[in-house]
Structure formats: structure tokens, C-alpha cells
Amino acid sequence: MAMNLGQQIGTLSGKQIPTEFASGEQPSSATASPSAVWKSPAGNLRSNSPQENASPPMLTPPLTPNSAGEWSYLINLPMLRPDLSVACQAFATSSPLEMTVEEVAGTAEWTDGGRKDEKKGVSVFVMMPLDSVTNGNTVNRKKAMNASLHALKSAGVEGIMIDVWWGLVEREAPGAYNWGGYTELLDMAKKHGLKVQAVMSFHQCGSNVGDSCTIPLPKWVREEMEKDSDLAYTDQWGRRNYEYVSLGCDSLLVLKGRSPVQCYADFMRAFKDNFKHLLGDTIVEIQVGMGPAGELRYPSYPEENGIWKFPGIGAFQCYDKYMLSSLKAAAEAAGKPEWGSTGPTDAGHYNSWPEDTPFFKKDGGGWNSQYGEFFLSWYSQTLIEHGERILCSASSVFEATGVKISVKVAGIHWHYGSRSHAAELTAGYYNTRFRDGYLPMAQMVARYGAVFNFTCIEMRDHEQPQDALCAPENLVRQVGLATKEAQVPLAGENALPRYDESAHEQILKASSLNIDGSSNDRQMFSFTYLRMNPSLFQPDNWRRFVAFVKKMNEGKDSRRCWEQVEREAEHFVNVTEPFVQEAALMP
């Protein structure tokens with residue numbers, strides 16, 4: 001039985017869409033769980049999770065000093081180098097009713113989308129479903145995928161973002177790469193005239209907000225981690241996190257004769273060799289994964305098994321033997337060997353709040369002490385050096401291919417209004433009321449001519465829990481200023497699925513980068529929209545999305561109001577509806 005439009009779009013992300021059936025037809029029984037959506041908890045946000053009440057194993061380091069006092073201690077750490085109605089208008093790609101993208105756009109009188117001779121605005125990319133490629137290395141829900149790519153292109157979208165999972169491609173054995181599904185998917189993108197941002201995803205899928213499927217690390221990597229559990233990130237209570245190999249062993253030959261960084265470089269080199277005919281033309285950007293969720297950070301707030309809940313401060317991840325060895329060496333170099341046995345032991349638990357902990361409290365907290373500066377400098381610098389090692393490899397591999405390299409940084413906006421910025425500190429971002437933690441990262445990215453990709457662009461301060469001192473708008477502003485100073489391009493993503501005009505307006509505002517009164521010639525490099533799924537193609541959402549893409553493409557100097565653009569979007573949706581209805585009935 002041929003699937004109708006609702007079924008085909010519904011299958012795209014495994015979510016069943018209610019559909020009317022003709023006489024004699026039976027609905028498909030195939031369903032899957034939809035992507036998780038992060039909802040802010042109501043009422044008192046303080047968590048009383050079992051983990052927080054459990055008694056952790058006792059450690060024997062000195063507690064952090066309780067007073068900052070007056071000091072001028074210098075730390076000598078190593079320096080780094082200088083519509084539903086329009087969603088499937090492309091189902092006719094293999095039928096007598098076949099129409100080109102240009103014909104579809106012309107029919108709808110929507111001619112400003114797609115490639116432009118002169119870029120005025122911010123290009124919009126759309127993230128593909130996490131399971132776009134199956135465990136069998138084929139394109140998942142191929143017919144629905146093909147139709148949706150056609151729809152995105154006709155709406156003026158520049159391209160798509162695809163996760164290239166290490167755990168799928170090099171799953172069975174070291175150096176044994178299977179690009180099957182990705183070859184087909186990238187060819188589909190090229191056919192529809194869509195650009196591609198390819199994400200080198202060296203982390204596990206299934207442990208973070210919005211993860212709708214599970215894709216573990218390669219089998220042979222997990223085998224090595226089972227032999228040596230210190231290859232996994234570890235917290236002070238001995239809990240292991242297996243979603244990404246600990247950066248403490250970046251340069252050690254712990255993965256069957258290769259180091260993790262060598263494995264990442266070899267993977268990227270194999271990708272380049274296999275898809276060299278698409279680089280610079282279809283594949284225009286390589287985003288390098290550097291940690292959990294592909295972000296340059298520590299896995300300090302793991303959702304898996306309910307360990308962490310928003311807006312807990314998270315926990316430091318430096319207790320595997322390789323990280324502790326690095327800490328010990330740094331302490332000895334600083335002339336404080338007593339600080340090298342462990343990280344802070346008075347920094348609370350995953351779901352603590354800053355003022356509940358001696359280390360993060362605003363007055364006399366250890367974060368603002370001589371010891372705190374030493375530890376946080378080492379912790380953040382180690383993360384930046386990890387990012388530089390991988391970025392250096394990526395830049396070397398993709399040199400002269402015509403692609404841009406980008407790095408993703410998390411938007412940790414909760415407790416941003418506190419003095420210590422505790423949630424950022426545990427993630428490795430040494431950003432406090434008295435110190436800019438994003439400028440060093442931006443400067444590192446700038447050294448390689450890469451793009452700084454930041455999340456939470458859609459969020460407004462007043463939408464967030466006020467008692468958690470969330471400030472995403474101020475955070476985005478700070479990052480914008482840091483990237484401007486470092487002269488590095490800034491790209492953006494939304495952190496959570498949003499289809500409302502309020503979120504679209506906030507993205508437009510943020511992407512203009514009008515943050516200091518002197519950025520008239522600057523705007524975001526690109527914006528990546530999270531994520532392609534059935535909700536995006538619902539009539540109202542799709543109309544708003546088409547209008548949003550139009551506004552983004554017009555740029556910051558556009559004087560046209562939303563109402564005018566949405567009227568054009570409504571016309572586009574209505575004009576193409578007859579064609580879509582015919583295409584949806586095709587086998």
C-alpha cells in the first residue's frame with residue numbers, strides 16, 4: 001500500500017500522524033517514539049534526586065579556601081600555539097509528474113529562495129533527524145526524506161546539517177569504514193541543490209536533550225573502555241560517562257594502537273577521500289565534534305538515568321586517572337603539589353544550586369580563591385587544548401578543499417546571573433562575573449580560520465526560570481562580543497524545537513549581531529534550525545517557517561514587516577497544495 005502524505009512525513013522521525021483512510025485500507029502499525037522535548041519544570045526547581053541524597057565515597061583532598069582575600073597569584077600553565085501542505089511537493093521525483101525545484105518555486109511565485117548571486121542575509125540550514133542513516137547503513141525512510149529535502153529547497157533553505165556518526169561508520173573494526181547510507185543521503189542533497197554541513201560526530205547519541213535514538217560509540221572503542229574504565233569521563237563519586245572518550249587520554253595509544261585524536265583524524269581523512277567530489281560544492285562545512293552532543297565541553301550535566309535535571313549546576317568531570325595525572329603535573333608546576341590529588345570536593349552535586357555549596361557561593365566561595373583560580377584555569381585550559389588538537393587535525397585534513405571548519409559551543413544559560421556561573425564552570429567554561437571565558441575559545445577558533453557555532457539563539461530571558469538566574473540573551477550578547485574581538489565568524493543554532501513567531505523574531509534579532517552599536521556590517525555567518533520533523537510540516541508551523549526563512553535571507557536591512565512576508569508564505573503554501581496532494585498519492 002502506498003503511504004499518503006501524512007504517513008510519509010510522519011515516518012520521517014518515527015512519529016505517527018493521524019490520517020484518514022479510504023475504504024478497505026488499514027493504517028500502518030509502525031510507530032516509534034518521537035523526539036524528546038525539554039520542558040522547564042514548574043514551581044520550585046530545586047531537585048531532591050536520590051543521587052543528591054546519597055553519601056558519596058570519601059575523598060581526602062584539602063577543601064577549597066573559603067575566602068578570596070587579596071592575592072596576585074600567577075599560574076604558569078602551558079600556552080597554546082599563536083505543511084503539511086507543502087512538505088512533500090517533491091514526491092514526483094520519480095514519476096511522470098516530475099517537476100524541477102525551479103518549476104515548483106515558479107508555480108508558487110516564491111522566487112527568492114535557494115542560491116542567490118549576492119548574499120544579503122543569513123543562510124538557513126536545517127538539521128536532519130539523528131537517525132537519518134540506519135544501523136544497516138542505508139537512508140532511513142528514504143521516500144519521505146527525499147520529499148522533505150525537496151520541500152526545504154523550494155522554501156528557500158540553503159542546506160541541511162547531517163550527523164556523520166563515528167559509531168555507525170567505523171562500528172565493527174578500526175579503519176573499516178562503511179559510508180553506505182551517507183553516500184546515498186549526500187547524493188540526495190546534491191540532487192535537490194542543497195548544501196550540507198557535515199558533523200563529525202565522535203560522541204554517543206542517546207544521552208542528551210532531544211536525542212530520539214541510540215547510537216553508541218564504535219564496538220571496538222567500547223571494548224577498550226570496558227578493559228580500561230578510565231577512558232571514560234569520571235566524576236568524584238566514581239560514576240563513569242561513556243558518551244565520549246575522556247580528553248585526558250587524547251594523545252595516548254589506548255584505542256588498539258591509536259590515540260583518540262589519531263582516530264578522529266583518520267576518520268575525517270577517510271570522509272574526505274570518500275566524498276572529495278562533493279567537498280566545497282555540496283559539502284560546504286565540516287563541524288568537528290569535540291565532546292558530548294558534539295560540543296566543546298565536559299559532560300557535566302548528563303540526563304541519562306536522571307543523574308542531572310535542569311537547572312542543576314552539574315559536576316566536574318576530572319576524576320579518571322588520566323585527568324588526575326594532568327592535574328597533578330599542573331599543581332607541581334605551579335608549586336602547589338597539595339592541590340594535585342583531586343578536584344574540589346565542596347562543589348555540591350549535579351542538582352545543587354550555587355548558594356548551597358561552599359565552592360560556588362557568591363561570598364567567600366572557593367571559585368574566587370587562589371586555589372579556585374588554579375583549578376578552574378587548568379580545567380578550562382585542558383578543554384581548550386583538546387579542542388585545538390582536534391581542530392588542528394581537521395584543518396590539516398580539509399586544507400584546500402573549499403570547506404569551512406566549525407566548532408560548536410554549548411549555550412549554558414542557567415545560573416548565568418550568579419557571580420560564579422557555576423553551570424558553566426563545571427562544563428569547562430571559565431566564565432564568571434569577573435572573567436570572560438568565551439574570548440579564549442574564540443581566539444583558539446580564530447587561529448584556524450574556523451567558525452564559532454553557538455546554541456540557545458532562540459531563547460529570551462523572561463521565558464526561563466527566574467529563580468535559576470537564567471540569562472540566555474545576555475549570554476548570546478557576550479559570545480557575540482567575544483567573537484567580534486577575536487574576529488571569528490559566529491554561527492547559531494536553536495537549542496530546543498520552536499515553531500512560534502516569538503522564537504523566530506528572537507533568532508532574527510540575535511542573528512543581526514546589533515550588540516554594541518557598531519556592528520552594522522556584521523551578521524551571523526549562518527543559522528542551523530533544529531530540527532526537521534513532522535511538527536515542522538504542520539500547516540501553521542510550515543507557513544511560519546517559510547516566512548522565517550524569507551526574512552533571514554533578506555538580511556538585517558529588510559524593512560518589510562512580518563505580516564507582509566507571512567502573506568507571501570500563505571500564498572506559496574496555497575498555490576502548491578494541488579500539486580502536493582497529487583504527489584502524496586504516489587507509490
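Below are the figures for this structure:
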read-out	value
Odd one out for L376 among (1) farther than 23 Å from A410 by Cβ; (2) open to solvent by less than 10 Å² (accessible area, probe 1.4 Å); (3) of a type outside the set (S, T, N, Q)	(1)
Test for Y244: is it out of contact with any Ser or Thr (no Cβ under 8 Å at 6 or more places or on another chain), within 15 Å of C318 (Cβ to Cβ), in a strand (DSSP E or B) and modelled with pLDDT of 95 or more	yes
Odd one out for D320 among (1) of a type outside the set (K, R); (2) farther than 17 Å from W367 by Cβ; (3) open to solvent by 10 Å² or more (accessible area, probe 1.4 Å)	(3)
The lone exception for G365 - which of (1) more than 21 Å from Y319 (Cα to Cα); (2) among the small types (G, A, S); (3) open to solvent by 20 Å² or more (accessible area, probe 1.4 Å) it fails	(3)
Lone qualifier among L513, L508, L496, L481 - being among the hydrophobic types (A, V, I, L, M, F, W, C) and open to solvent by 50 Å² or more (accessible area, probe 1.4 Å)	L481
Considering residues of the range 425-452 that are aromatic (F, W, Y) and not in a loop (DSSP other than H, G, I, E, B) only, the residue farthest from Y319 (Cα to Cα)	F452
Residue list for the range 323-341, restricted to those being assigned to a helix (DSSP H, G or I) and open to solvent by 60 Å² or more (accessible area, probe 1.4 Å)	S325, K328, E332, A333, P337, E338
Residue in the range 297-313 that is closer than 27 Å to G159 by Cβ and either touching a strand residue (DSSP E or B) at 6+ places or on another chain (Cβ under 7 Å) or among the basic types (K, R) (or both) present	yes
Pairs, first of a type in the set (G, A, S) in the range 292-310, second assigned to a helix (DSSP H, G or I) and open to solvent by less than 10 Å² (accessible area, probe 1.4 Å), C-beta under 7 Å, six or more apart	S300/T426
Any pair with Cβ under 6 angstrom, 6 or more apart, that starts in the range 412-429 at a residue that is surrounded by fewer than 24 Cβ atoms within 10 Å (Cβ to Cβ) and ends at one that is aromatic (F, W, Y) and in a loop (DSSP other than H, G, I, E, B)	none
Subset of the range 515-549 that is at pLDDT below 90 and hydroxyl-bearing (S, T, Y) - its residue that is farthest from E485 (Cα to Cα)	S535
One residue from P299, P344 being under 30 Å from T528 (Cα atoms) and either in contact with a helix residue (DSSP H, G or I) (Cβ under 8 Å, 6 or more places away or on another chain) or open to solvent by less than 10 Å² (accessible area, probe 1.4 Å) (or both)	P299
Number of the exception - R433 against (1) crowded, with 20+ Cβ neighbours inside 10 Å; (2) touching a His at 6+ places or on another chain (Cβ under 9 Å)	(1)
Where L425 falls short, out of the listed (1) more than 20 Å from the chain's Cα centre (by Cα); (2) closer than 19 Å to S377 by Cβ	(1)
Condition broken by G480, with the remaining ones in (1) within 19 Å of the chain's Cα centre (by Cα); (2) not in a helix (DSSP H, G or I) satisfied	(2)
Failed item, numbered, when G294 is tested on (1) open to solvent by 40 Å² or more (accessible area, probe 1.4 Å); (2) closer than 30 Å to T214 by Cβ	(1)
Filter pass, P311 being open to solvent by less than 10 Å² (accessible area, probe 1.4 Å) and in contact with an Asp or Glu (Cβ under 7 Å, 6 or more places away or on another chain)	no
All helices (runs of 4 or more DSSP H) inside the range 132-216 with 1 or more residues being within 30 Å of S300 (Cβ to Cβ)	166-169
First in the range 479-504 and under 12 Å from L439 (Cβ atoms) and among the aliphatic types (A, V, I, L, M), second anywhere and open to solvent by less than 50 Å² (accessible area, probe 1.4 Å) and modelled with pLDDT under 95, Cβ under 9 Å, 6 or more apart	L481/I515
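The values are calculated or read from the model by the stated rules, or taken from the named source; none is laboratory data. None of the values given here were measured: they were computed from a predicted structure. Cβ sites come from the backbone with ideal geometry, for glycine too, and all protein chains shown count toward neighbours. These area figures cover heavy atoms from the full protein model, side chains too; ligands, DNA and RNA do not enter into them. Shrake-Rupley method; radii C 1.70, N 1.55, O 1.52, S 1.80 Å.
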